[in-house]
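Take a look at the structure below.
The values are calculated or read from the model by the stated rules, or taken from the named source; none is laboratory data. The structure presented is a predicted model; accordingly, all values stated were derived computationally and were not measured. Virtual Cβ from ideal backbone geometry, glycine too; neighbours counted across all protein chains shown. The protein model used for the area step is the full one, side chains on, heavy atoms only, and it has no ligands, DNA or RNA in it. Shrake-Rupley method; radii C 1.70, N 1.55, O 1.52, S 1.80 Å.
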Amino acid sequence: MKKNDFNLVKQHLGGVSRRDFLKFCTLMAAGMGLPLGAGAQIAEAVTNPRRPSVIWLSAQECTGCTESLLRSTHPTLEHLILDLISLDYHETLSTPAGHMAEDARLKAMNDNKGKFILVVDGSIPTKDGGVYCMIGGKPVIDILKETAPMAGAIVAIGSCASWGGIPAADPNPTGATPVHEILKGTPVVNIPGCPASPYNFLSTVLYYLTFKKLPELDDQGRPKFAYGRLIHENCERRPHFDAGRFAVEFGDDNHRKGYCLYKLGCKGPETYNNCPSILYGDVGAGSWPVGTGHPCFGCSEKGVGFTETLHSLAKLKNLTPSTFFTEAYPGTPGIASKTKVLAAGTAGVVIGAAGAAMLMGMGKKDEQKEDKEE
Ligand code: SF4
Ligand code: SF4
Ligand code: F3S
């Protein structure tokens, strides 16, 4: 990126230094697992004087996903979102209201046909002709069906838009439906989370702007760079899990010592997200639920968060010991630590919670046996 181009960015970013901006782009590239040099490509793409148009539709949602984006403590996130893209329609953030807002959406659609990014926040009510979410006198389902075919890319942000979320909770009175089910046959990127991590959203948008295609997705439409690993695989409390050291009640001695939160209902072992690696709501700073002492409740996982499973024990899908953390017992690195746990009575390669369950007198043996067999 040339210095002159950066002056444009600087006007937008309100004083962020060139160095910090390039550092930010490099971090974003690294977070997506892109090769060296991709940071410069991203920087180049977002300094294009013609800002890409974004239309943001809000359906049955709580505005938490928008708030999370705006309340990020890293200033470049909000500046990038509000200044480097052209946010042409957003019900919470747009200046125009009523007919003027609707006109802005139609104008952005027609002026940027096949190029704009459509972001959908919230689930889509389908019962009774969709009357449970009306915008400008129209059911949101009709607006979505009218806008989506003209978009270059469609992003469903948050667990409501990705899976149905809270509005779809039993008995689902409005027939709340995820965006991809309404737009069957059209590629939709899901960025689940309640709220979704702004970093995962922003990375997806930057990837699309830079490479003019969507990032690689998993079988549930989630970008693999963000949702490729279980939280449990990279959690900083994992050595405690492997060693059988658990908090049993909020505020107990083990909780204060920072032990594993599995027995408090942590859903990290069955939730795919990058929260432990990139933390939450910021790049390279801040914290995340487990880091603050609260169990992960699986907010980004389909059918895990907001259900009766909130306080139940997570299914252990991946009992392979972490290779990242080597010291399960202080002074006893790697395999030696595993041997100790095995010596304490744990069978086979299951050195994590199964061993811990025996050590701590925890039940659920049948469930874990099932998981081992999976
Ligand atoms: Fe709100 Fe959560 Fe739905 Fe986002 S996913 S709109 S934060 S309820
Ligand atoms: Fe971390 Fe939760 Fe796994 Fe414990 S159960 S290691 S707190 S993700
Ligand atoms: Fe959500 Fe769990 Fe991450 S609750 S923010 S997926 S740690």
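So for the range 280-303 (the condition being within 8 Å of ligand 2 (Cβ to nearest atom), in contact (Cβ under 8 Å) with a residue 60 or more places away in the chain, touching a strand residue (DSSP E or B) at 6+ places or on another chain (Cβ under 9 Å) and open to solvent by less than 10 Å² (accessible area, probe 1.4 Å)), does at least one residue qualify? No, the range 280-303 has no match at all.
Could you check how many residues of the range 251-301 are away from ligand 3 (no atom under 15 Å from the Cβ) and modelled with pLDDT of 95 or more? Selection size over the range 251-301: 9. Every condition in (1) part of a loop (DSSP other than H, G, I, E, B); (2) in contact with a helix residue (DSSP H, G or I) (Cβ under 6 Å, 6 or more places away or on another chain); (3) within 16 Å of ligand 3 (Cβ to nearest atom) is met by SER203 except one, and the failing one is (1).
A search for C-beta distances below 6 Å between a residue of the range 15-40 that is basic (Lys, Arg) and any residue that is in a helix (DSSP H, G or I), counting only pairs 6+ apart in sequence or on different chains, returns ARG18/PHE6. Only residues that are β-branched (Val, Ile, Thr) and surrounded by 17 or more Cβ atoms within 10 Å (Cβ to Cβ) were counted across the range 242-256, and they come to 0.
With the structure loaded, tell me whether ILE143 is at negative phi and within 16 Å of ligand 3 (Cβ to nearest atom) or whether it fails that test. Here the answer is no, as ILE143 does not meet what is asked. Criterion first (assigned by TED's automatic domain parsing to the domain that holds CYS299 and at pLDDT 95 or above) does ASP242 satisfy it? Here the answer is no, as ASP242 does not meet what is asked.
From the list PRO139, PRO149, PRO192, exactly one residue is surrounded by 24 or more Cβ atoms within 10 Å (Cβ to Cβ) and modelled with pLDDT of 95 or more. Which is it? First the steps, then the outcome.
On the way: PRO139 fails: surrounded by 24 or more Cβ atoms within 10 Å (Cβ to Cβ); PRO149 fails: surrounded by 24 or more Cβ atoms within 10 Å (Cβ to Cβ).
Answer to the check: PRO192.
Hey, among the residues in the range 217-235 that are outside any helix (DSSP H, G or I) and surrounded by fewer than 18 Cβ atoms within 10 Å (Cβ to Cβ), which one's nearest to ligand 1 (Cβ to nearest atom)? Taking the candidates together, the pick is GLN220. Among the conditions (1) buried (at least 19 other Cβ atoms within 10 Å of the Cβ); (2) not in a helix (DSSP H, G or I), PRO239 misses just one, which is (2).
Residues that are within 16 Å of ligand 3 (Cβ to nearest atom) and farther than 22 Å from PHE116 by Cβ within the range 161-196 comprise TRP163, GLY165, ILE166, PRO192, GLY193, CYS194, PRO195, listed in sequence order.
The test for being assigned by TED's automatic domain parsing to the domain that holds ILE117 and assigned to a helix (DSSP H, G or I) does not hold for LEU214. Name the residue that is surrounded by the fewest Cβ atoms within 10 Å (Cβ to Cβ), counting only residues in the range 152-178 that are more than 19 Å from GLU216 (Cα to Cα) and without any contact (Cβ under 8 Å) to a residue 40 or more places away in the chain. Selected residue: PRO171.
For the range 242-278, a residue qualifies if it is of a type outside the set (Ser, Thr, Tyr), touching a residue at least 24 places away in the same chain (Cβ under 8 Å) and in a helix (DSSP H, G or I), and the qualifying residues are ASP242, ALA243, HIS255, LYS263, LEU264, GLY268, PRO269, GLU270, CYS275, PRO276, ILE278. Answer yes or no as to whether LYS212 is farther than 18 Å from ALA30 by Cβ and open to solvent by 10 Å² or more (accessible area, probe 1.4 Å). Considered against the rule, which asks whether it is farther than 18 Å from ALA30 by Cβ and open to solvent by 10 Å² or more (accessible area, probe 1.4 Å), LYS212 comes out as yes.
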